[in-house]
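K.L.:
The following block contains the structure, expressed as structure tokens.
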Amino acid sequence: LRRHVQARRPELLRTMEQVFKFVPQDLRSGPWSWLPTVMLAGVWLAAVASVPRAFAHFTPVPSAPHLRGLRLTAFFYGAFVLGYMFKKNGLWPMASWTMLGWTAATMRYLAGALAFGSIQRILTFPSLLANSVTFF
């Protein structure tokens, strides 16, 4: 891939090197072991193979009309924090688990406020994962 990019857009590689120069050289250029690639492919295959079972057992979040106001308030608060972060720092913080978790939780609150139980259920795991990684 590096040779292909070098032939087509050599300035892109120089830009990428400047952006990621804070990462140690041995972590951003190979050679890497083949085992992580095989493991990642195995995880992806397992995830794809489990899709039919997941769809068969999928249930939306039950409707809770008495929580709509609270969820809408939480969404507006989350959206305000995201807007402030974008204005002050730009998009770069979105590369962190903290802000990805915050965004997933904020969108989950909106889905709950609008009674989109399926979307709310789909966002449950990403929200929990990103916020757990941030906390622990």
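K.L.:
Return the pairs, sorted by first residue and then second, in which the second residue is among the aromatic types (Phe, Trp, Tyr) and part of a helix (DSSP H, G or I), the first residue lies in the stretch 68-92 and is at negative phi and open to solvent by less than 50 Å² (accessible area, probe 1.4 Å), the beta carbons are less than 8 Å apart, and the residues are 6+ apart or on different chains.
P.N.:
ARG71/TYR109; ALA74/TYR109; PHE75/TYR109; GLY78/TRP102; GLY78/TYR109; VAL81/TRP102; LEU82/TRP102
K.L.:
Let me ask something else. What are the residues in the stretch 1-24 that are outside any helix (DSSP H, G or I) and open to solvent by less than 100 Å² (accessible area, probe 1.4 Å), if any?
P.N.:
Restricting attention to the stretch 1-24, the residues satisfying the condition of being outside any helix (DSSP H, G or I) are 1, 9, 20-24.
Within the stretch 1-24, PHE20, VAL23, PRO24 qualify.
K.L.:
Can you find a residue that is among the acidic types (Asp, Glu), surrounded by 10 or more Cβ atoms within 10 Å (Cβ to Cβ) and over 22 Å from the mean Cα position of the chain (by Cα) anywhere in the stretch 25-45? Explain how you work it out, then say what you get.
P.N.:
Step one: list which residues in the stretch 25-45 are among the acidic types (Asp, Glu), which gives 26.
Adding the requirement that they be surrounded by 10 or more Cβ atoms within 10 Å (Cβ to Cβ) leaves none.
No, the stretch 25-45 has no match at all.
K.L.:
Sticking with this one: For the subset of the stretch 112-136 comprising residues that are modelled with pLDDT of 90 or more and not in a helix (DSSP H, G or I), which member is surrounded by the most Cβ atoms within 10 Å (Cβ to Cβ)?
P.N.:
Selected residue: LEU123.
The values are calculated or read from the model by the stated rules, or taken from the named source; none is laboratory data. Just so we're clear, the structure is a prediction, and the values are computed from it rather than from any experiment. Counting neighbours? That spans all protein chains shown, and the Cβs are built from the backbone with ideal geometry, glycine included. SASA here: full protein model, heavy atoms, side chains in, ligands and nucleic acids out. Shrake-Rupley method; radii C 1.70, N 1.55, O 1.52, S 1.80 Å.
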